[in-house]
Amino acid sequence: MRNQVEWPSEFPQFLWGTATASHQVEGGNRNDWTLWEDAGRIKRQEKSGQASGHWERAESDFSLFAELGVNAYRFSVEWSRVEPRQGEFDVEALSKYRQMVQQMRDHGMEPCLTLHHFTLPQWFAMDGGFLQPDGPRMFLRYVRRVVETMGSLVRLYVTINEPMVYAVNSYLYGVWPPGQHNLARTLRVSNQLIAAHKGAYHLIKTVQPGALVGLAHHINLFEPWSTSPADVVLARTLHHLFNRRVILAVGDLQDYLGINYYTRSFATIRHPFTPQSSRGENGSRAELGLTDMGWDIYPEGLEQALLEARAFNRPILITENGISTPDDALRIRYLDAHLDAMHRAIEKGVNVRGYFYWSALDNFEWDEGFAPRFGLIEVNYDTMERVMRKSAYHYRDRILQSAARGMK
Ligand code: FCB
C-alpha cells in the first residue's frame, strides 16, 4: 500500500455520523440469524423480532438522526430482503432502500452503505455461506443489484463489516451462526471474505467510478497479560492475525481505511485463542472502568490505532465507536475521551475523515440480545417510542464545536 490516497474534494471534508446495521434495527427479517434465534441460541432466548422497528419508521428516524447535527449516516442493506430466494430479487425492497437513501440525503446526511453486516440469506447460509467456493461470486450478484439501484445516490460503500469478527464468532467460538469451532475454516472464511471484497471493489468502481469503497476493520488492541515472553509474542501474533492481516491482504483495493474501535484485550498464553477483555479491577488501569459488556474503556487505544493506521497511506474513517451502558453520563465521558483521542491523532497528522458513533439507536446486539444499550437515542421496545439521551445532545454540541473550527 505504497500509493498515497487523498480524500476527494467533492466529499464533505469531515463526516460526522452515527451507525446502525439492518438486522439490529429493522425488524421483520428472515435470515440465518432468525433461524439461530429460533433455535434458542441467544442469551435469555431473545429473538430479534421487531428489533428497533426501524423498517417501518425509517423516515422519522432519519429526521431524529439529523437533529444530532450529523452530515452522514452508516447503515446496511439486508441481503436476505433484497434476494430472498437465490437469483430472485425483491424489487420493492430495493426501491424502499433507494427511497431511504434519498431521505437520508434530504436530511443532509451522506449515506454510507454497508453491503454485508454479519447476516446471510437462509438459502446462502444453508449451502455453506461464504465457505462455498462460489460464495464470493454469489455475493457479487447481489452487490451489483444494490449498486445499480443506488446509482449516484450512494458514493460511500463498506463492502464487509469486520471480516475477522465474523470469522471468529461464527467459525471459531461458535457463538454466531453457523456455530462452528474450526480454526482452518475460520481462516478459510476470512480469505473468502477478502475475495468477496476484492470482487465487490472492482464491480462498484465499474458501476460508480467516483464511489469510495472500503471495509470496516475491527481493531482490538492486544496487550500482553503479563511481561512473560510468551504473552508478549502472543499479543503480537494476535495483533497481526486479527488487526492487520486483512488490511494487508486487501492492499490497494480500499479507498479508505474503515476502523471500528471499542476496546483492548489482554493476550495470555493460558488461553491463546480467547484474549481476556480485562485484567479485573487491579490489572486494568480502568480509569473509566468497564462497559456493561465488560469491555475495558481505553480511549488511548483509539489514538494508538489511528497512529498505526497512518502507515497504510489511506484516509481513515472511524466507522464505529461507542459504548453500551445504562449510565448515560458514562456514555458522555466515553464519547468525550474517544473524540479527544481522535483529535490528538489528527493533530499529529493522521488523515482522519470521519467518525460514526455506534449506535444511533438502541438495538439488537447479536447473541447478547436487547440488554445492551448502545444508542444515543433510547428505544422503548414495548412502544417503539424514541427518546434522545443527553449524550445525543452532547454529541451534537461536540460536532458543532468542531464544525465551527472548520471540521465538516
Ligand atoms: C461491532 C459490530 C456492530 C455492533 C457493535 C457493538 O463489532 O459491527 O454490529 O454489534 O460491535
*asked:* If I go through the range 351-397 residue by residue, how many of them are surrounded by 18 or more Cβ atoms within 10 Å (Cβ to Cβ), closer than 30 Å to residue 8 by Cβ, away from the ligand (no atom under 13 Å from the Cβ) and not polar (S, T, N, Q)?
replied: 7
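Pick from 60, 9: which is out of contact with any helix residue (DSSP H, G or I) (no Cβ under 7 Å at 6 or more places or on another chain) and under 30 Å from residue 310 (Cβ atoms)? I'd like the intermediate steps shown before the answer.
On the way: 60 fails: under 30 Å from residue 310 (Cβ atoms).
Only one candidate qualifies: 9.
Might you check whether a residue that is closer than 26 Å to residue 403 by Cβ, open to solvent by 10 Å² or more (accessible area, probe 1.4 Å) and touching a residue at least 60 places away in the same chain (Cβ under 8 Å) occurs anywhere in the range 12-35?
Taking the range 12-35 as the starting set, the residues that turn out to be closer than 26 Å to residue 403 by Cβ are 12-20.
Among the residues that remain, those that are also open to solvent by 10 Å² or more (accessible area, probe 1.4 Å) are: 12-13.
Among the residues that remain, those that are also touching a residue at least 60 places away in the same chain (Cβ under 8 Å) are: 12-13.
Scanning the range 12-35, I find at least one residue that is closer than 26 Å to residue 403 by Cβ, open to solvent by 10 Å² or more (accessible area, probe 1.4 Å) and touching a residue at least 60 places away in the same chain (Cβ under 8 Å), so the answer is yes.
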*Would you pick out the residues in the range 96-121 that are closer than 14 Å to residue 142 by Cα and in a helix (DSSP H, G or I)?*
97
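With the condition kept exactly as written, say whether any residue in the range 108-119 is within 18 Å of residue 178 (Cβ to Cβ) and hydrophobic (A, V, I, L, M, F, W, C).
Here is the first cut: in the range 108-119, the ones within 18 Å of residue 178 (Cβ to Cβ) are 116-119.
Next cut, hydrophobic (A, V, I, L, M, F, W, C) only: 118.
Yes: one or more hits.
Anything in the range 46-69 that is open to solvent by 10 Å² or more (accessible area, probe 1.4 Å) and part of a loop (DSSP other than H, G, I, E, B)? List them, or say none. Lay out the reasoning, then the answer.
Start the filter on the range 46-69 by keeping residues that are open to solvent by 10 Å² or more (accessible area, probe 1.4 Å), which leaves 46-47, 49-50, 55-57, 59-60, 63-64, 66-67, 69.
Answer for the range 46-69, where residues must be open to solvent by 10 Å² or more (accessible area, probe 1.4 Å) and part of a loop (DSSP other than H, G, I, E, B): 46, 47, 49, 50, 67, 69.
Kindly indicate whether residue 105 is touching a helix residue (DSSP H, G or I) at 6+ places or on another chain (Cβ under 6 Å), under 30 Å from residue 396 (Cβ atoms) and open to solvent by 50 Å² or more (accessible area, probe 1.4 Å). Walk me through how you get there before you give the answer.
Values: touching a helix residue (DSSP H, G or I) at 6+ places or on another chain (Cβ under 6 Å): no; under 30 Å from residue 396 (Cβ atoms): yes; open to solvent by 50 Å² or more (accessible area, probe 1.4 Å): yes.
Spelling it out, it is not the case that residue 105 is touching a helix residue (DSSP H, G or I) at 6+ places or on another chain (Cβ under 6 Å), under 30 Å from residue 396 (Cβ atoms) and open to solvent by 50 Å² or more (accessible area, probe 1.4 Å).
Can you tell me which of 403, 341, 345 is touching a residue at least 24 places away in the same chain (Cβ under 8 Å), under 19 Å from residue 13 (Cβ atoms) and in contact with a helix residue (DSSP H, G or I) (Cβ under 6 Å, 6 or more places away or on another chain)? Steps first, please.
Values: 403 fails: in contact with a helix residue (DSSP H, G or I) (Cβ under 6 Å, 6 or more places away or on another chain); 341 fails: under 19 Å from residue 13 (Cβ atoms).
The conditions single out 345.
Just to be sure, is residue 402 more than 17 Å from residue 260 (Cα to Cα), of a type outside the set (Phe, Trp, Tyr), part of a helix (DSSP H, G or I) and touching an Asp or Glu at 6+ places or on another chain (Cβ under 6 Å)? First the steps, then the outcome.
Values: more than 17 Å from residue 260 (Cα to Cα): yes; of a type outside the set (Phe, Trp, Tyr): yes; part of a helix (DSSP H, G or I): yes; touching an Asp or Glu at 6+ places or on another chain (Cβ under 6 Å): no.
Here the answer is no, as residue 402 does not meet what is asked.
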*Which residues, taken from the range 14-33, are under 26 Å from residue 130 (Cα atoms), within 16 Å of the ligand (Cβ to nearest atom) and either touching a helix residue (DSSP H, G or I) at 6+ places or on another chain (Cβ under 8 Å) or in a helix (DSSP H, G or I) (or both)?*
20, 22, 23, 24, 25, 26, 27, 29, 31, 32, 33
*Looking only at residues in the range 294-328 that are within 16 Å of the ligand (Cβ to nearest atom) and assigned to a helix (DSSP H, G or I), which one is surrounded by the fewest Cβ atoms within 10 Å (Cβ to Cβ)?*
301
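Test residue 230 against the stated conditions and say whether it is open to solvent by 40 Å² or more (accessible area, probe 1.4 Å), among the small types (Gly, Ala, Ser) and out of contact with any Ser or Thr (no Cβ under 9 Å at 6 or more places or on another chain). So that I can check it myself, show each step before the final result.
Numbers: open to solvent by 40 Å² or more (accessible area, probe 1.4 Å): yes; among the small types (Gly, Ala, Ser): yes; out of contact with any Ser or Thr (no Cβ under 9 Å at 6 or more places or on another chain): no.
No; evaluated as a whole, the condition is false for this residue.
The values are calculated or read from the model by the stated rules, or taken from the named source; none is laboratory data. Remember, it's a predicted structure, so these values are computed and weren't measured experimentally. Ideal geometry is used to build each Cβ from the backbone, glycine not excepted, and the neighbour counts take in all protein chains shown. Ligands, DNA and RNA are stripped out before the accessible areas are found, and what is left, the full protein with its side chains, is counted by its heavy atoms. Shrake-Rupley method; radii C 1.70, N 1.55, O 1.52, S 1.80 Å.
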